[in-house]
Amino acid sequence: MPLTTYYFEGLDFAVATTLYTDALMSVVAPDGYYSGGGIVRRQVNGLLLTAVTCPGCFITCGDPQGNAVVSLGSDVGRMELKVDSGSAIGLMMIEFSPGLKPTKLTWSIESGVSDSVGLYSSQVEGFVTGFVGSEAGGITNIAGSGGVAFPGFDYNWNSTSLSWEQSTAYTIPAFSAGGCTLVPSTSNMKECYLPIPITVANSIVTITIENCLTTPEWTVDIPCSRALTPALPSTAVQANPTAACAASITTTIYRGKVSTAVEIGVDDWVFSDNTGSTKLDDGVYGVTVTVPTAGQVAVEVSNGVVLSISDPCGD
């Protein structure tokens with residue numbers, strides 16, 4: 001995150017009441033989180049809240065800090081870190097590998113949108129939600145957590161030691177069958193991708209990861225945001241593949257890459273804008289592609305994720 005000069009009354013940021021952007025202290029700094037001297041304080045409505053010691057808990061996206069977040073030091077409970085999204089406007093595509101134990105990743109943007117459910121697309125399982133990973137510790141797709149809650153702690157990420165540091169007590173509430181999407185205990189769920197739309201440069205994104213069981217095994221990669229390219233020519237949404245093949249190209253769509261396909265593939269996220277702010281509505285779209293065969297194909301979409309792609313229309 002680029003350094004910026006701010007001003008406050010007195011000599012100690014820890015006891016200051018308000019941050020300003022000018023030396024005359026006539027312009028109050030925007031609401032948000034500010035760090036200095038080994039502490040972090042949040043300003044709300046022009047007033048600074050309680051100082052929190054937070055060594056290295058803010059990280060920058062991409063390599064090296066955004067690629068170094070692992071489960072080391074975490075346990076049952078809730079892990080939280082804050083990420084600077086970078087200077088570009090566009091999509092931040094989080095890559096989350098849950099490992100063999102149920103875990104959940106959610107996110108929120110300061111003064112912006114959020115995902116409190118956990119919405120992912122996996123390279124194998126497709127669209128999945130909630131706690132993901134493998135069935136373990138009595139947690140199953142049929143029973144959820146079986147009425148069991150999980151007492152643990154909050155943890156903050158220390159980007160200096162590259163580990164989690166225990167904070168206050170926190171309990172993960174019990175969740176129903178609809179609160180998880182798990183693979184059998186003998187399987188390992190593939191990487192899950194979560195799209196975060198960044199519409200303001202250097203947005204602060206809070207990443208939250210919840211562990212139900214001890215010794216979690218997840219990893220997460222947090223790249224910087226980038227504008228999605230290229231735009232793919234498309235029809236408006238249609239009711240079925242036949243209609244999608246017959247409809248005229250009138251707009252463009254954008255792909256958030258999950259699959260290994262060159263242009264667009266099953267399990268990819270798809271949007272109507274290049275920041276990923278608006279997922280495509282459920283339905284079928286006629287999309288012009290150039291590979292493997294040039295032409296218009298029918299792309300079926302559900303929950304913003306590609307379910308199927310037809311052969312070129314007319315074949």
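The values are calculated or read from the model by the stated rules, or taken from the named source; none is laboratory data. In this text the structure is predicted, and so the values were computed from the model without any measurement. Neighbour counts run over all protein chains shown; Cβ positions are idealised from the backbone, glycine included.
For the reader, a short list of remarks on this structure follows.
- Taking each residue of region 25-38 that is more than 16 Å from residue 82 (Cβ to Cβ) and looking for partners that are of a type in the set (Val, Ile, Thr) and at pLDDT 80 or above with beta-carbon atoms closer than 7 Å, six or more apart or interchain, yields 27/21; 28/18; 29/21.
- Figure legend. Inter-residue proximity from region 140-153: first residues within 10 Å of residue 212 (Cβ to Cβ), second residues surrounded by 18 or more Cβ atoms within 10 Å (Cβ to Cβ) and of a type in the set (Phe, Trp, Tyr), beta-carbon distance below 7 Å, spacing 6+ or different chains. Indicated pairs: 145/175.
- Hits in region 200-213 - residues which are surrounded by fewer than 17 Cβ atoms within 10 Å (Cβ to Cβ) and either assigned to a strand (DSSP E or B) or modelled with pLDDT of 95 or more (or both): 206
- Single match in 236, 244 (criterion: more than 23 Å from the chain's Cα centre (by Cα) and in a helix (DSSP H, G or I)): 244
- Odd one out for residue 155, checked against (1) more than 26 Å from residue 260 (Cβ to Cβ); (2) not in a strand (DSSP E or B): (2)
- Taking region 81-105 as the range and being more than 21 Å from residue 227 (Cα to Cα) and of a type outside the set (Val, Ile, Thr) as the test, the residues that pass are 81, 82, 97, 98, 99, 100, 101, 102, 104, 105.
- Test: residue 292 is under 22 Å from residue 124 (Cα atoms) and in the same structural domain as residue 70 (by TED's automatic domain parsing): no
- Check on residue 286, more than 24 Å from residue 194 (Cα to Cα) and surrounded by 15 or more Cβ atoms within 10 Å (Cβ to Cβ): yes
- Qualifying residue in region 92-102 (condition: without any contact (Cβ under 8 Å) to a residue 60 or more places away in the chain and either buried (at least 16 other Cβ atoms within 10 Å of the Cβ) or touching a strand residue (DSSP E or B) at 6+ places or on another chain (Cβ under 9 Å) (or both)): no
- Which numbered condition residue 168 fails, given (1) free of Cβ contacts under 8 Å to residues at least 40 places away in the same chain; (2) touching a strand residue (DSSP E or B) at 6+ places or on another chain (Cβ under 6 Å); (3) in a loop (DSSP other than H, G, I, E, B): (3)
- Cβ-Cβ under 7 Å pairs, at least 6 apart or on other chains, region 66-88 side closer than 11 Å to residue 215 by Cβ, far side among the polar types (S, T, N, Q) and not in a strand (DSSP E or B): 75/214; 76/214
- Subset of region 127-152 (residues that are under 26 Å from residue 61 (Cβ atoms), of a type outside the set (Ser, Thr, Tyr) and part of a strand (DSSP E or B)): 127, 128, 131, 132, 133
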